Amino acid sequence: MAKDVLCEVNSCRFWDSGNKCAASSIYIVSHTEAKTSKETDCKTFEHKA
């Protein structure tokens, strides 16, 4: 399992300094048989209030 999950989405409430994801778990889905990262979505995202 990855020790560091990097994220550049600073509008997410789990975004942390150093572009790290501070979520306790990550959930990613695809709507087709993904062949590129553009074909996936991070369902862990929550908008930062």
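Tell me the label only: which of (1) 4, 23, 36, 29, 7, 1; (2) 4, 16, 15, 11, 10, 11, 11, 9, 7, 5, 1; (3) 5, 20, 27, 24, 17, 7, 1 is P(r) over Cα pairs in 5 Å bins from 0, in percent as calculated from this structure? It is the value labelled (3).
Suppose the chain between N10 and Y27 were pulled fully straight at 0.36 nm per residue; how much longer would it get relative to their current alpha carbon spacing?
So the chain would gain 4.4 nm between N10 and Y27.
Here the relative contact order of the chain, from alpha carbon pairs under 8 Å that lie six or more residues apart, stands at 35 percent. Note on the chain: lysine pairs with Cα distance below 21 Å, sequence gap of 8 or more or different chains, count 6. Sparsely packed loop sites in the chain (the trypsin sites (Lys or Arg not before Pro) outside DSSP H, G, I, E and B with at most 16 other Cβ atoms within 10 Å) comprise K3, R13, K35, K43, K48.
Read-outs: derived from the displayed coordinates by stated rules, not from any lab. What you see is a predicted model, and the numbers here were worked out from it, not measured in a lab. Every residue, glycine among them, receives a Cβ derived from its backbone with ideal geometry; neighbour counts consider all protein chains shown.
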